[in-house]
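What follows is a short report on a single structure.
None of the figures in this text is laboratory data; all of them are computed from the coordinates on show. Keep in mind the model is a prediction, meaning the values are calculated, not measured. Every residue, glycine as well, gets a Cβ built from its backbone with ideal geometry; the counts of neighbours run over all protein chains shown.
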Amino acid sequence: METIHHQEKQQFTRLFEGEGINRIEDTLAILGVFLRNEQHISLQEFMKNLTDNGYGFEPEFVKKTLNLLCRYGFAVKTEFEGQPTRYEHRHIGFHHDHLICTKCGNILEFESHRMEDLQVEIATTHGFHVLQHKMEMYGLCSDCLKERVHLMPLGFAQEGELGIVEEFLGGSEARLRLATIGLRRGDEVRVITNSGKGQLVVAVNATRLALGRGIAKKIMVKPNGHMRKL
Ligand SMILES: [Zn+2]
Ligand SMILES: [Zn+2]
Ligand SMILES: [Zn+2]
């Protein structure tokens, strides 16, 4: 990659010489830091990156420079849903698409020739000529999925089981009811009785709580072993 970066820097200098762009040195410094990065970076993250490299440029100038890099094809600007604007390094001749985790914000890249061909094929059947495309898939990354699988509704926990409260389903109304009862995220819950129907009784610290079946299904817990003694 280093040689590519070197070539890009030379190309950039050539493009800007004679274009009347001022602060060429500063622009090159920003390009240098940007090229060393192979991630999808937000302006804020990039500002920190620059600071770590000993540069103290104004955000406005950095933003302007990033847009300039986009205009000349050294960077690509991406707007993933629910995320700040991100910039990534563009390697000419290499195309990729994205998988975006809606839980942790992780961005994964993938390449599929079959998918690329299929897209052209679909467009062609509509008499459409593709100039560019974006393929973004939103969902849960493997790490987040692993965590998710380990969560279960408190209503399914057996007598004597321990669980850590991780999530409340059912929106703000359910959350409010649970807050009123005194149940919080991170609490360790012990199941005292659970017959499988009607109310179940749990304990948080030394406090016993009777929970209706409906609400117990909305409390997602991470199993945390069994009580030694009931
Ligand atoms: Zn693609
Ligand atoms: Zn994730
Ligand atoms: Zn990417």
(message) Could you tell me the relative contact order of the chain? Use alpha-carbon pairs under 8 Å, at least six residues apart, and round to a whole percent.
(response) 14 percent
(request) Just add up the charged neighbours of residue 169: K/R +1, D/E -1, any other residue whose Cβ is under 10 Å from the Cβ of residue 169. (result) +2
(request) Using the Karplus curve 6.51 cos²θ - 1.76 cosθ + 1.60 with θ = phi - 60°, work out ³J(HN,Hα) for each residue of the stretch 57-64 in order, rounded to whole Hz, and write x for Gly and Pro. (result) 7, 6, x, 4, 5, 5, 4, 4
(message) If amide hydrogens are placed 1.01 Å from N in the peptide plane, which non-local residues have theirs closer than 5 Å to the one on residue 157?
(response) none
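Report the local net charge at residue 110: Lys and Arg +1, Asp and Glu -1, summed over other residues whose C-beta lies under 12 Å from its C-beta. Let's see the in-between values first.
Numbers: positive: 114; negative: 97, 109, 111, 116, 136.
Within the 12 Å Cβ shell, the charges total -4.
Give, rounded to the nearest 20 debye, the magnitude of the charge dipole that the stretch 1-92 has about its Cα centre when Lys and Arg contribute +1 at Cβ and Asp and Glu contribute -1 at Cβ.
On the way: 11 positive and 14 negative charges, 28 e Å.
In total the dipole reaches around 140 debye.
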(request) Place a +1 charge on the Cβ of each Lys and Arg in the stretch 84-127 and a -1 charge on the Cβ of each Asp and Glu, then give the dipole magnitude about the Cα centre in debye, rounded to the nearest 20. (result) 240 debye
(request) Go through the chain and flag any cysteine with no other cysteine's C-beta closer than 4.7 Å, please. (result) 70, 104, 144
(request) Could you pull the Rg and Dmax for the stretch 1-92, using just the Cα atoms, both in Å? (result) 12.6, 40
(request) Could you tell me which of 69, 118, 102 has its Cα farthest along the dipole of the stretch 67-141 towards the positive end, charges placed at Cβ (Lys, Arg +1; Asp, Glu -1), taken about the Cα centre? (result) 69
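About the Cα centre, and with charges only on the beta carbon of Lys, Arg (+1) and Asp, Glu (-1), how big is the dipole of the chain? Nearest 20 debye, please. Please report the intermediate quantities before stating the final value.
Details: 29 positive and 30 negative charges, 320 e Å.
Dipole of the chain, to the nearest 20 debye: 1540 debye.
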(request) Quick one: what are the phi-derived ³J(HN,Hα) couplings along the stretch 199-215, Karplus 6.51/-1.76/1.60 with θ = phi - 60°, whole Hz, x for glycine and proline? (result) 6, 10, 10, 10, 10, 10, 6, 9, 8, 8, 10, 9, 10, x, 4, x, 6
(request) Work out from phi, with θ = phi - 60° and the Karplus expression 6.51 cos²θ - 1.76 cosθ + 1.60, the ³J(HN,Hα) of each residue of the stretch 160-166, listed in order in whole Hz, and give x for Gly and Pro. (result) x, 7, 10, x, 9, 5, 10
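What does the charge add up to near residue 140, with Lys and Arg as +1, Asp and Glu as -1, over the other residues with Cβ less than 15 Å from its Cβ?
Details: positive: 103, 146, 148; negative: 81, 136, 143, 147, 166, 167.
Spelling it out: positives minus negatives among the neighbours equals -3.
Over all directions, the average projected area of the alpha-carbon convex hull for the chain comes to how many nm²? Mind showing how you got there, number by number?
On the way: hull surface 81.5 nm².
Orientation-averaged projected area of the Cα hull: 20.4 nm².
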(message) Along the charge dipole of the chain, pointing to its positive end and built from +1/-1 on Cβ of Lys, Arg, Asp and Glu, which listed residue (35, 53, 214) has its Cα farthest out?
(response) 214
(message) No solvent, one uniform scatterer per C-alpha: report log10 I(q)/I(0) for the stretch 100-150 via the Debye equation at q = 0.20, 0.22, 0.23, 0.26 1/Å, two decimals.
(response) -0.76, -0.82, -0.85, -0.96
(request) For residue 167, enumerate residues with amide H under 5 Å from its amide H, sequence gap 5+ or separate chain, H modeled in the peptide plane. (result) 220
(message) Run the Debye formula on the Cα coordinates of the stretch 151-226, all scatterers equal and no solvent, and tell me log10 I(q)/I(0) at q = 0.14, 0.21, 0.24 1/Å.
(response) -0.34, -0.83, -1.12
